[in-house]
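First comes the structure, then the notes that go with it.
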Amino acid sequence: MSYIEGADRQQAWLLPERLEDYVHADNSVRFLDAFVDSLDLSALGFQRATANSTGRPPYDPGDLLRLYLYGYLNRLRSSRRLEREAQRNVELLWLLRQLRPDFKTIADFRKDNLQPLRAVCREFTLLCRQLELFGGELVAIDGSKLRAVNSKRRNFSERKLRATLAEIDVKIEGYFQQLDAADAIEPNAAQPTAAQLQQKIEHLKQRRQQNAVRLEQLQTSGQTQVSLTDPDSRSMKVGQSTEVCYNVQTAVDAKHKLIVEHAVTNAVTDMGQLTPMATAAQQTLGVARLEVLADMGYYWGAQVKECADVGITCYIPKALTSANTQQGLFGKERFAYDSEQDCYRCPAGQVLSYRSSSLELGRPIRYYRAPVSVCRTCALKARCTRNQEARRLSRWEHEDLLDQMQQRVATQPSKMKQRKALAEHPFGTIKRGMDAGYFLLRGLEKVRTEMSLTVLAYNLKRAISILGVPKLLLAVG
Ligand code: SF4
């Protein structure tokens, strides 16, 4: 049996003479080229967008932008890899017209154009809107933790620093005891000498000093943790473990799973991200009404109301985190609210009527309680409350909005399934398909630009696969 044979390396071969002939009509680089041509780089704020009449000519920012767009579309994100590919990759030779910038020029371009690069991502989002690639009716908001350039060993919380200091103190104490013992006994080759012990103590004292300074800085900064390599990154829960990461938020449109909006924060949870993401998506889509799906990590009454006030309808399941539920007692969901009578009805069928109001953390709260005599004699009391007298319930002034949302979530389970499918598609593609589940740059500002390039590449990929290169070329031509 034989194998498929390659060509003889010594054989003369007539390759096409024009670089143009190597790039097919529907190759994505043709769209990248036309898209960059369609941008007003000067208005977007790119440095050197207007060439100087004197001095050594720089690279055209459009060419370096082409290089980055190609790189992020093709799993090439580092400046050194982009430099290498620009020298040998036929598509890049075509796209850059055989320009071969060195890695420093490539890296500096990204560093010097953080805001303009983000603006390019927005320009493409607006193009997608113009091409009606967004449905503008339903978006899913979700967050994912992407690893920062900072190891776990170089991230400290106050608790970790205190534990390290205590550990160092114990070690220093141990070495001092060994020093005392060494004075009392004959020198022994198996034991460290007094000089060696002194050296270890000095080393530990230095470490102690460093950690004490970090602890002091942490306490004065008001932060909960400090990262040494990338000071903006934070230790966050990822699955069952923790990693030093950034929290990437996306709002994904239901029509074609394109990312409408994204943001990068160093907040360790998704709490508080609902309003900024939902309103930004609404503005980008240019719609008055929008449905938003999110998981229970976004459940925050005040933000659900903020969204409702501007025409955004949220679907967020409620997490059963009440202390009563955790203690095995009836949770509030077991009590039915009667809006006409303004009272609750408990699992025993008794009425909890309105008693008083107060402000809790600035929120107007109303309190409801069953008659003491009823609760005291209730057969379900052991499962209902530890309170000696009667079960009490609190209700936020706008809790009807949350009740309505729970009703929507309960009656439309398909929406929550859709949330999962919508939100996970982009993150799965970004992390696995595009190998962009980690950042290469340090600092929130740079990381935000890196993410914008990744989101732009994801949307480019989707748009090319939905419409094809020829239609996209027509749109920017
Ligand atoms: S203890 Fe009171 S509130 Fe609880 S189930 Fe019994 S009657 Fe109802």
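The values are calculated or read from the model by the stated rules, or taken from the named source; none is laboratory data. All of these numbers come straight from a predicted model, not from anything done at the bench. Cβ: placed from backbone, ideal geometry, glycine included. Neighbour counts: every protein chain shown.
Remarks
A quick yes/no check of all residues on (1) more than 16 Å from the ligand (Cβ to nearest atom); (2) surrounded by 15 or more Cβ atoms within 10 Å (Cβ to Cβ); (3) at pLDDT below 95:
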site	(1), (2), (3)
TYR315	yes, yes, no
THR321	yes, no, yes
ASN324	no, yes, yes
GLU340	yes, no, yes
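- Selection count where residues are touching a strand residue (DSSP E or B) at 6+ places or on another chain (Cβ under 8 Å) and within 8 Å of the ligand (Cβ to nearest atom), scope region 349-372: 2
- Pairs with Cβ under 8 Å, 6+ apart, first in region 192-218 and closer than 16 Å to ALA182 by Cβ, second acidic (Asp, Glu): ALA194/ASP183
- Qualifying residue in region 333-349 (condition: acidic (Asp, Glu) and touching a helix residue (DSSP H, G or I) at 6+ places or on another chain (Cβ under 7 Å)): no
- Region 373-386, residues that are within 9 Å of the ligand (Cβ to nearest atom) and either not assigned by TED's automatic domain parsing to the domain that holds PHE330 or not in a helix (DSSP H, G or I) (or both): THR377, CYS378, ALA379, LEU380, THR385
- The one condition from (1) of a type in the set (A, V, I, L, M); (2) within 16 Å of the ligand (Cβ to nearest atom); (3) touching a helix residue (DSSP H, G or I) at 6+ places or on another chain (Cβ under 9 Å) that VAL310 does not meet is (2).
- Of all residues in region 86-103, those that are part of a helix (DSSP H, G or I) and closer than 21 Å to PHE35 by Cα total 7.
- Criterion applied to ARG462, ARG448, ARG376 was being modelled with pLDDT under 95 and of a type in the set (D, E, K, R), and the one residue passing it is ARG376.
- Residue tally, condition among the polar types (S, T, N, Q) and farther than 26 Å from TYR68 by Cβ, over region 1-45: 3
- Out of ARG432, ARG448, ARG419, ARG408, sole residue that is under 30 Å from ASP342 (Cα atoms), in a helix (DSSP H, G or I) and either of a type outside the set (Phe, Trp, Tyr) or in the same structural domain as ALA251 (by TED's automatic domain parsing) (or both): ARG408
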